[in-house]
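Undergrad: Submitted below is the structure of interest, expressed as structure tokens.
The values are calculated or read from the model by the stated rules, or taken from the named source; none is laboratory data. Since the structure is predicted, the reported quantities are computational estimates derived from the model, not experimental observations. We place every Cβ from the backbone using ideal geometry, glycine too, and count neighbours over all the protein chains shown. Please note that ligands, DNA and RNA were not included when accessible areas were found on the heavy atoms of the full protein model with its side chains. Shrake-Rupley method; radii C 1.70, N 1.55, O 1.52, S 1.80 Å.
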Amino acid sequence: MSTQLPEQADEESSAAEVEPTSQARERRLQKKRERAEEGEGQAEDAEKALDGEDTYQLKVFRYDPEIAGKKEPRFDDFHVPFEKGMTVLDALMYARDTYDSSLTFRHSCRQAICGSDAMFVNGKQRLCCKTQLADLEEPVRIEPLPHAEVVKDLVVDMEHFYDQMEAVEPYFQTNDLPEGELEEQKQSRENREKVKMSTRCIWCGACMSSCNIAAGDNEYLGPAALNKAYRFTMDEREGEDMKQQRLEILEQEHGVWRCQTQFSCTEVCPKDIPLTEHIQELKREAVKNNLKFW
């Protein structure tokens, strides 16, 4: 597993353009330095207050391309007070609020629904808000998702992941609409059960990060996108024409046939979606779609 850092940007520009930009950037960096100095004093006070308490040690990946002394990746140690039911996200928030306000990571709903806080925790892709601190061995090593470009600390660039999801047209399409204006487009109970698990995807990117094929093939659609395609390909309401169109997308060189059935995506999915099984079923559909009898 590797962590990718962005390449240094080209700094050539005219003097007229550089001056105001440089001044604004310097002011921003000065504020960062001041906050860092304030945080060091707060961290010392917090460490003293924890003497004798039950604590957990975190080793957190740090990287900030805007600060000269933080451009080199490193790990910072934090000790957080442990409480029953505490999650990794709770621990990170304590470390940020108590020791270092510049510690950067994504989070939102805190209920394993938004998918924004997927990280690499003790060598495995996990949702931090769902992962109990008590279930992990110390020190708890927290890193950004592998095989994605790191923006800052634990935040990675998700643009490529979203592009792959959009490539499979992840929305309902049909030409067979009900006759009545207010009539619903009904789905059988059996068909709903067939696609039910695939609808649980929260776009966290954990499966894509765990996939060795996606790591080596930047064009591979990846397990999340293929699962989303499964959700609509198998929906009986879209009709055969649309199913044919989706299968043509999935049958491409970097589609379902790139999957090597390693099950790594299924193992790390926080919503327990049988991703590998869905991809294999799409392969079977692709084969049947291309069978010809004379």
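Undergrad: Let me know the charge dipole size of the range 215-287 about its Cα centre in debye, to the nearest 20, where only the beta-carbon of Lys, Arg (+1) and Asp, Glu (-1) is charged.
TA: It works out to roughly 160 debye.
Undergrad: Another question, then. Would you count, across the range 99-198, every pair of lysines whose alpha carbons are under 28 angstrom apart, provided the pair is eight or more residues apart or spans two chains? All intermediate terms of the calculation are to be shown ahead of the outcome.
TA: Numbers: Lys124/Lys152; Lys124/Lys196; Lys130/Lys152; Lys130/Lys194; Lys130/Lys196; Lys186/Lys194; Lys186/Lys196.
Lysine pairs satisfying the spacing and distance rule in the range 99-198 number 7.
Undergrad: Which residues among the range 100-143 fall inside the zone where the amide N is under 15 Å from a point 7 Å beyond the Cα of Thr55, along Cα→Cβ?
TA: Within reach of a label on Thr55: 100, 138-140.
Undergrad: OK, next. Going highest first, how would you order 144-156, 108-120, 277-289, 73-85 by mean Cβ packing within 10 Å?
TA: Highest-to-lowest ranking by the protection proxy: 144-156, 108-120, 277-289, 73-85.
Undergrad: Mind giving me the FRET efficiency for Asn290 and Gln23? R0 is 51 Å, r the Cβ-Cβ distance, nearest 0.05 is fine. The partial results should precede the final answer.
TA: Values: r = 62 Å, r/R0 = 1.21.
About 0.25, to the nearest 0.05.
Undergrad: Solvent-accessible area per residue for the range 127-260 at a 1.4 Å probe radius, Å²? Display every interim value, and only then the final one.
TA: Working: 6800 Å² over 134 residues.
Accessible area per residue: 51 Å².
Undergrad: Sticking with this structure for a sec: Can you give the extra length, in nm with one decimal, that the chain gains between Glu72 and Tyr171 once fully stretched, where that is 0.36 nm per residue apart less the Cα-Cα distance? Show your work: numbers first, answer last.
TA: Details: separation 99, 0.36 × 99 = 35.64 nm, distance 4.15 nm.
Computed gain between Glu72 and Tyr171 is 31.5 nm.
Undergrad: Above 13 Å lies some portion of the pair distances; for the range 237-294, what is it as a whole percent of all C-alpha pairs?
TA: Summing the P(r) of the range 237-294 above 13 Å gives 66 percent of all pairs.
Undergrad: What is the Cα convex hull volume of the range 81-220 when expressed per residue in Å³? Don't skip to the answer; put the middle values down first.
TA: Working: hull volume 24.9 nm³, N = 140.
It comes to 178 Å³ per residue, whole-number rounded.
Undergrad: Separation of the range 201-240 and the range 72-149 by C-alpha centroid, Å?
TA: Between the Cα centres of the range 201-240 and the range 72-149 lies a distance of 25 Å.
Undergrad: Apply the Karplus parameterisation 6.51 cos²θ - 1.76 cosθ + 1.60, with θ equal to phi minus 60°, to every residue of the range 272-284 and state each ³J(HN,Hα) to the nearest whole Hz, in sequence, with x for glycine and proline.
TA: 6, 7, x, 4, 4, 4, 5, 5, 5, 5, 5, 4, 5
Undergrad: Go through 209-216, 158-165, 177-184 and give me the packing order, highest mean Cβ count within 10 Å leading. All intermediate terms of the calculation are to be shown ahead of the outcome.
TA: Details: 209-216: 19.8, 158-165: 17.4, 177-184: 7.4.
My ranking of the peptides, most packed first, is 209-216, 158-165, 177-184.
Undergrad: Roughly how many nanometres apart are two label points built 7 Å out from the Cα toward the Cβ at Cys114 and Gln245?
TA: 3.3 nm
Undergrad: Note down the Stokes-Einstein diffusion coefficient of the range 142-294 in µm²/s, whole number, using a Kirkwood radius over alpha carbon pairs, 10 °C, and 1.306 mPa s. Walk me through the intermediate numbers first.
TA: On the way: Rh = 16.5 Å.
Once the numbers are plugged in, D ends up at 96 µm²/s.
Undergrad: Name the residue farthest towards the positive end of the dipole of the range 153-232 from the options Phe161, Asn191, Ala224, assuming +1 on Cβ of Lys and Arg, -1 on Cβ of Asp and Glu, about the Cα centre.
TA: So the residue furthest toward the plus end is Asn191.
Undergrad: Can you tell me the FRET efficiency between Gln185 and Ser101 if r is taken as the Cβ-Cβ distance and R0 is 45 Å, rounded to the nearest 0.05?
TA: Numbers: r = 50 Å, r/R0 = 1.11.
So, using R0 = 45 Å, E works out to roughly 0.35.
Undergrad: Of the accessible area of the range 49-159, with the probe set at 1.4 angstrom, what percent is carbon plus sulfur? Don't skip to the answer; put the middle values down first.
TA: Working: 2240 of 5070 Å².
Heavy-atom surface of the range 49-159 belonging to carbon and sulfur, 1.4 Å probe: 44 percent.
Undergrad: What ³J(HN,Hα) values, in whole Hz, does the Karplus curve 6.51 cos²θ - 1.76 cosθ + 1.60 give for the range 85-99 when θ = phi - 60°, with x put for Gly and Pro?
TA: Couplings: x, 6, 9, 4, 5, 4, 5, 5, 5, 5, 4, 5, 6, 9, 9 Hz.
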